[in-house]
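See below for the structure under consideration.
The values are calculated or read from the model by the stated rules, or taken from the named source; none is laboratory data. Because the structure is a prediction, the values reported are computed rather than measured. All Cβ positions, glycine included, derive from the backbone under ideal geometry; neighbour counts span all protein chains shown. What goes into the accessible areas is simple: the full protein's heavy atoms, side chains included, and nothing from ligands, DNA or RNA. Shrake-Rupley method; radii C 1.70, N 1.55, O 1.52, S 1.80 Å.
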Amino acid sequence: MTDPQPEPEAELLTEPREGMPPLIQTSAELAEAAERLEAGSGPIAIDTERASGFRYSGRAYLIQLRRAGAGSILVDPIPIEDIAPLRRALTGPEWILHAASQDLPCLEELELRPTKLFDTELAARLCNFEKVGLASITEQLLGFRLEKQHSAADWSSRPLPHDWLVYAALDVELLTELRGELAAELARQGKSDWAEAEFEHVRLAGPPKPRKEPWRRTSGIHKVRGAKALGRVRAVWEARDNLARKLDRAPGKVLPDAAIVEAATADPTDFAELMSLPGFRRRGGRTNARLWLAALADARNVPNDELPSTTPPQDGPPATHRWADRDPVAAERLASAREVVTATAEEHNLPPENLIAPALVRGLAWEPPKKVTEKHIRTLLAENGAREWQIDLLAEGLAKALEA
């Protein structure tokens, strides 16, 4: 009996198949590239590179495109005054993106909007692949390895290094082929219509709602005690946010969260006291010391009735670990509803979170309709953004679970 042969190792993709495309940095170059895109055929693979962790804005610092007949195109949108030719070329054909919700906002900023969308990451989730990152799913389905070493780079820096551009070009090199494999798998599993509904939901979703009191997400805020100290967190956080927006620098690069917590706890009143705090000894803390001290001074003058609550405002149901004490009946409803979701997801080979948003299930269990019928549950699910296919799979089971 012969030993089983090991599977062949995936081939490392090191360069686009037609060679590296030039970086487009002028309106004339973009107009010519847009003509090539329009002359191509089929869907257009798209990716963007941002400078998350370095810049305040989420703007695109590089746009990568690929289409059959046009090849790969790399666009630096920063120096280009007229983006209209690209806008025209992208209107009509299907866009292929991986994790589209991450790229669409920065493309929308440039008034680049898809008329049809295929999200390869979301397709992989609906097919219930265990790993859905671009590198993992490309290796599994196409047999090529992609290196991801530059994903967290500062893409706002100029000039962009050659190896960064190679990495960026390879991100769209196989997206069209990946789309084909995933579309076939969706069809095999009978999920093509579900996927189309999900892609359309992502396309039309728009930007997320602004968070209420975003300063409460300051890392380490749990160490801060009392309304006055929380008021200091708010004041310094808002001063940092305004400065970061003005400088277009990531807030953490302007002043770390740890420094905000230190200032809220110690309440320094002069430069020497501020500089005694470790978080303010860096350049951003020292250079902008007057700003931080002014924010702290303003916080001291806030009337008590305008101080933040020591309890964060509740938006939706409480944390589920508190349900058993606060409302045991609701906790039982949630457990029953989750059983329905889990069983249905397993039956249809889906991740539960892609079958329905967990927050929606929690909301229904915490505050079900006064009359729990399948009809009422269908209405509530639809009003809260569930898609028709999700409602069809879950409404009856959830109605039974919530009326128990």
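Restricting to the range 349-386, and then to whatever is basic (Lys, Arg) and under 21 Å from Gly316 (Cα atoms), can you tell me which residue is most open to solvent (accessible area, probe 1.4 Å)?
Applying the first criterion (basic (Lys, Arg)) to the range 349-386 yields 362, 370-371, 375, 378.
Next, from what is left, pick out any that are under 21 Å from Gly316 (Cα atoms): 362, 370-371, 378.
Working: Arg362: 77, Lys370: 216, Lys371: 129, Arg378: 68 Å².
Among residues in the range 349-386 that are basic (Lys, Arg) and under 21 Å from Gly316 (Cα atoms), the one most open to solvent (accessible area, probe 1.4 Å) is Lys370.
Going by the structure shown, is Arg55 among the basic types (Lys, Arg), open to solvent by 10 Å² or more (accessible area, probe 1.4 Å) and farther than 21 Å from Glu15 by Cα? It would help to see each step written out before you state the result.
Working: among the basic types (Lys, Arg): yes; open to solvent by 10 Å² or more (accessible area, probe 1.4 Å): yes; farther than 21 Å from Glu15 by Cα: yes.
Judged against the criteria, Arg55 is a match.
Please verify whether the range 122-138 includes one or more residues that are surrounded by 17 or more Cβ atoms within 10 Å (Cβ to Cβ), within 26 Å of Pro161 (Cβ to Cβ) and touching a Ser or Thr at 6+ places or on another chain (Cβ under 7 Å).
no
Specify which of the listed residues (Glu147, Glu200, Glu173) is open to solvent by 30 Å² or more (accessible area, probe 1.4 Å), modelled with pLDDT of 95 or more and under 30 Å from Gln64 (Cα atoms).
Of the residues listed, the single one that is open to solvent by 30 Å² or more (accessible area, probe 1.4 Å), modelled with pLDDT of 95 or more and under 30 Å from Gln64 (Cα atoms) is Glu200.
Could you tell me which numbered condition Asp103 fails, if it satisfies all but one of (1) touching a residue at least 60 places away in the same chain (Cβ under 8 Å); (2) assigned to a helix (DSSP H, G or I)?
(1)
Residues of the range 41-58 being touching a Leu at 6+ places or on another chain (Cβ under 8 Å) and not charged (D, E, K, R), which ones? Step through it out loud before you land on a result.
If we filter the range 41-58 for residues that are touching a Leu at 6+ places or on another chain (Cβ under 8 Å), which is where we start, we get 44-49, 56.
Matches in the range 41-58: Ile44, Ala45, Ile46, Thr48, Tyr56.
List every residue pair whose Cβ atoms sit under 9 Å apart, with the two residues 6 or more apart in sequence or on different chains, where the first one lies in the range 7-36 and is more than 25 Å from Gly92 (Cβ to Cβ) and touching a residue at least 40 places away in the same chain (Cβ under 8 Å) and the second, anywhere, is surrounded by 14 or more Cβ atoms within 10 Å (Cβ to Cβ) and aromatic (Phe, Trp, Tyr).
Every condition considered, the pairs that remain are Ala10/Phe144; Glu11/Phe144; Leu12/Phe144; Leu13/Phe144.
With the checklist (1) within 18 Å of Ala263 (Cβ to Cβ); (2) assigned to a loop (DSSP other than H, G, I, E, B); (3) not hydrophobic (A, V, I, L, M, F, W, C) in hand, flag the one item Arg216 doesn't pass.
Answer for Arg216: the failing condition is (2).
Provide a single number: the residues in the range 100-121 that are touching a helix residue (DSSP H, G or I) at 6+ places or on another chain (Cβ under 7 Å), within 20 Å of Ala357 (Cα to Cα) and either surrounded by fewer than 18 Cβ atoms within 10 Å (Cβ to Cβ) or among the β-branched types (Val, Ile, Thr) (or both).
Residues that pass the stated criteria total 2.
Considering only the range 207-230, how many residues are open to solvent by 90 Å² or more (accessible area, probe 1.4 Å), closer than 25 Å to Arg59 by Cα and either modelled with pLDDT of 95 or more or of a type in the set (D, E, K, R) (or both)?
Adding up the residues that qualify gives 4.
For residues that are of a type in the set (Val, Ile, Thr), open to solvent by 10 Å² or more (accessible area, probe 1.4 Å) and either in a helix (DSSP H, G or I) or on the phi > 0 side of the Ramachandran plot (or both), tally how many sit in the range 231-281.
2
Would a scan of the range 127-135 turn up a residue that is touching a Phe, Trp or Tyr at 6+ places or on another chain (Cβ under 8 Å) and in contact (Cβ under 8 Å) with a residue 12 or more places away in the chain? Write out each step before concluding.
First, pick out the residues of the range 127-135 that are touching a Phe, Trp or Tyr at 6+ places or on another chain (Cβ under 8 Å): none.
Looking through the range 127-135, none of the residues is touching a Phe, Trp or Tyr at 6+ places or on another chain (Cβ under 8 Å) and in contact (Cβ under 8 Å) with a residue 12 or more places away in the chain.
Would you check which residues across the range 308-343 are touching a Leu at 6+ places or on another chain (Cβ under 7 Å) and surrounded by 15 or more Cβ atoms within 10 Å (Cβ to Cβ) and list them?
Residues satisfying the conditions are Pro308, Thr320, Trp323, Arg333, Ala337, Val340, Val341.
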